[in-house]
Amino acid sequence: MKHKLRMGMVGGGRGAFIGAVHRMAAALDGEIELVCGAFSSDPEKSKASGADLGLPPERCYGSFREMIQKEKRMRPDRRMHFVSIVTPNHVHFAPAKMALENGFHVICDKPVTFSLKEAQNLEKIVTKTEMVFALTHNYTGYPMVKQARQMIRHGELGSIRKVVVEYPQGWLSTHLEASGQKQAAWRTDPTKSGIAGAMGDIGTHAENLAEYITGLKIKELCADISTFVPGRLLDDDGNVLLRFEGGAKGILHASQISAGEENNLNIRVYGEKGGLEWRQMEPNTLIVKWLDKPTQMLRTNVGNLYPESLAAARIPGGHPEGYLEAFANIYRNFAHCVRAHMAGQKPEPIHADFPTIHDGVRGMRFIEKVIASGKSSKKWVSL
């Protein structure tokens with residue numbers, strides 16, 4: 001009989017946003033169950049949050065250290081299999097390190113750590129322990145993002161020449177953090193978010209999506225970084241010129257002061273033979289524009305799509321799949337890889353399709369170089 005993988009969570013207690021998203025995504029395919037957690041840095045709040053989720057009191061811990069230590073001492077048929085980390089950036093490294101070094105797999109929200117140095121140290125730990133580590137750049141989980149990636153990998157667009165990726169939001173157009181709004185407060189606090197604001201929070205999503213779809217690595221960048229809202233301590237808008245390996249050029253725009261925008265992540269990629277366009281707010285459509293034939297509109301789970309795209313879809317075409325399903329695809333693939341690891345086997349390649357610690361290090365390097373370029377008169381910097 002197949003048993004569910006048992007998940008412990010760090011963060012995601014009362015008042016949190018992303019913790020609930022992770023829990024829904026993890027539960028969607030029936031592969032995973034939440035069995036324990038350290039849901040807050042406040043022990044009482046952590047225990048109350050666990051009670052809200054229906055967990056037994058003895059599995060609601062006052063700290064991630066207590067959780068990892070006590071879970072490790074449990075019988076193998078009861079203890080958690082992996083840890084999901086859904087805290088602000090400055091509380092990613094320590095629980096990830098401790099979990100990996102104590103034999104627990106890890107899935108972590110992005111960006112991977114508070115600093116590039118922490119990310120590089122964590123990469124060494126993942127390599128040494130050989131545990132499974134996933135990073136929730138969740139937009140890579142959409143079926144039509146995977147279709148776009150496979151079309152480029154199979155050469156349908158020819159050599160890639162131009163990449164335009166944008167992530168505008170408008171929710172920080174005012175000094176919202178001054179009102180005590182929790183999500184705004186930590187994301188604009190350099191002691192919790194790190195050296196970047198918008199470029200760390202959503203710019204890394206744009207960077208990761210561009211590299212994932214095209215298969216090209218950013219080689220150099222030139223950034224113009226701004227903080228428009230008076231009193232804000234970190235950037236809230238950025239424009240970046242990109243040079244990719246292989247000669248492609250690109251533009252990346254990330255903004256949280258684009259008034260009226262919701263979550264308008266979008267990407268356009270142009271090759272020798274044609275181009276494609278995908279928008280997160282209408283994720284079930286991939287527009288493909290050809291040099292010598294009519295424009296195509298591909299739809300999720302409809303027609304002759306690549307296996308990687310079809311594997312990421314759960315329901316018949318015409319029934320919209322969105323954010324939670326894409327998020328869940330990362331958890332599902334992660335779960336398959338954890339099961340393979342437990343069985344001493346290599347996972348199927350189609351299941352190993354999720355962001356890893358290496359993507360996390362690239363994201364942190366991107367943040368560091370964008371901020372360095374934004375502050376420099378030299379401008380062009382190498383990744």
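Considering each of I202, I152 in turn, give the residue that is touching a strand residue (DSSP E or B) at 6+ places or on another chain (Cβ under 7 Å), assigned to a helix (DSSP H, G or I) and over 27 Å from E272 (Cβ atoms). Spell out how you get there, then give the answer.
Working: I152 fails: over 27 Å from E272 (Cβ atoms).
Checking each option against the conditions leaves just I202.
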Residue match in segment 105-114 (condition: within 23 Å of A343 (Cα to Cα), surrounded by fewer than 24 Cβ atoms within 10 Å (Cβ to Cβ), outside the structural domain of A185 (by TED's automatic domain parsing) and out of contact with any Ser or Thr (no Cβ under 8 Å at 6 or more places or on another chain)): no
All positions within segment 170-196 that are closer than 21 Å to G15 by Cβ and buried (at least 19 other Cβ atoms within 10 Å of the Cβ): L172, E177, A184, R187, T188, S193
Of the criteria (1) within 25 Å of the chain's Cα centre (by Cα); (2) over 22 Å from I330 (Cβ atoms), which one E308 fails: (2)
Test: residue in segment 27-47 that is more than 25 Å from L135 (Cβ to Cβ) and of a type in the set (K, R): yes
Filtered residues of segment 255-273 (kept if touching a Phe, Trp or Tyr at 6+ places or on another chain (Cβ under 7 Å) and either outside the structural domain of S226 (by TED's automatic domain parsing) or more than 20 Å from K146 (Cα to Cα) (or both)): Q256, I257
Residues satisfying the stated conditions in segment 1-30, i.e. at pLDDT 95 or above, on the phi > 0 side of the Ramachandran plot and surrounded by fewer than 19 Cβ atoms within 10 Å (Cβ to Cβ): G30
Conditions (1) assigned by TED's automatic domain parsing to the domain that holds V302; (2) in a helix (DSSP H, G or I); (3) among the aliphatic types (A, V, I, L, M): number failed by I125: (1)
Test: S226 is farther than 20 Å from M151 by Cα, surrounded by fewer than 19 Cβ atoms within 10 Å (Cβ to Cβ) and polar (S, T, N, Q): yes
Top-ranked residue of segment 83-104 - restricted to ones that are surrounded by fewer than 23 Cβ atoms within 10 Å (Cβ to Cβ) and touching a residue at least 60 places away in the same chain (Cβ under 8 Å), ranked as nearest to the chain's Cα centre (by Cα): P88
Test result for E33, at pLDDT 95 or above, assigned by TED's automatic domain parsing to the domain that holds H81, more than 22 Å from T136 (Cα to Cα) and surrounded by fewer than 19 Cβ atoms within 10 Å (Cβ to Cβ): no
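Take segment 167-180 and flag every residue that is over 16 Å from the mean Cα position of the chain (by Cα) and either in a helix (DSSP H, G or I) or at pLDDT 95 or above (or both). Can you show your working first?
Going residue by residue through segment 167-180, those that are over 16 Å from the mean Cα position of the chain (by Cα) are 168-180.
Answer for segment 167-180, where residues must be over 16 Å from the mean Cα position of the chain (by Cα) and either in a helix (DSSP H, G or I) or at pLDDT 95 or above (or both): P168, Q169, G170, W171, L172, S173, T174, H175, L176, E177, A178, S179.
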One residue from T113, T140 being among the hydroxyl-bearing types (S, T, Y) and in contact with a His (Cβ under 8 Å, 6 or more places away or on another chain): T113
Among (1) buried (at least 17 other Cβ atoms within 10 Å of the Cβ); (2) without any contact (Cβ under 8 Å) to a residue 24 or more places away in the chain; (3) not aromatic (F, W, Y), the one test that M74 misses: (1)
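Given the residues L286, L252, L276, L305, which is the only one that is surrounded by 22 or more Cβ atoms within 10 Å (Cβ to Cβ), closer than 22 Å to D109 by Cα and in the same structural domain as Y212 (by TED's automatic domain parsing)?
L252
The values are calculated or read from the model by the stated rules, or taken from the named source; none is laboratory data. What you are looking at is a predicted structure, and each value in this text was computed from that prediction instead of being measured. Quick reminder, even Gly has a Cβ in these numbers, built from the backbone with ideal geometry, and neighbours come from all protein chains shown.
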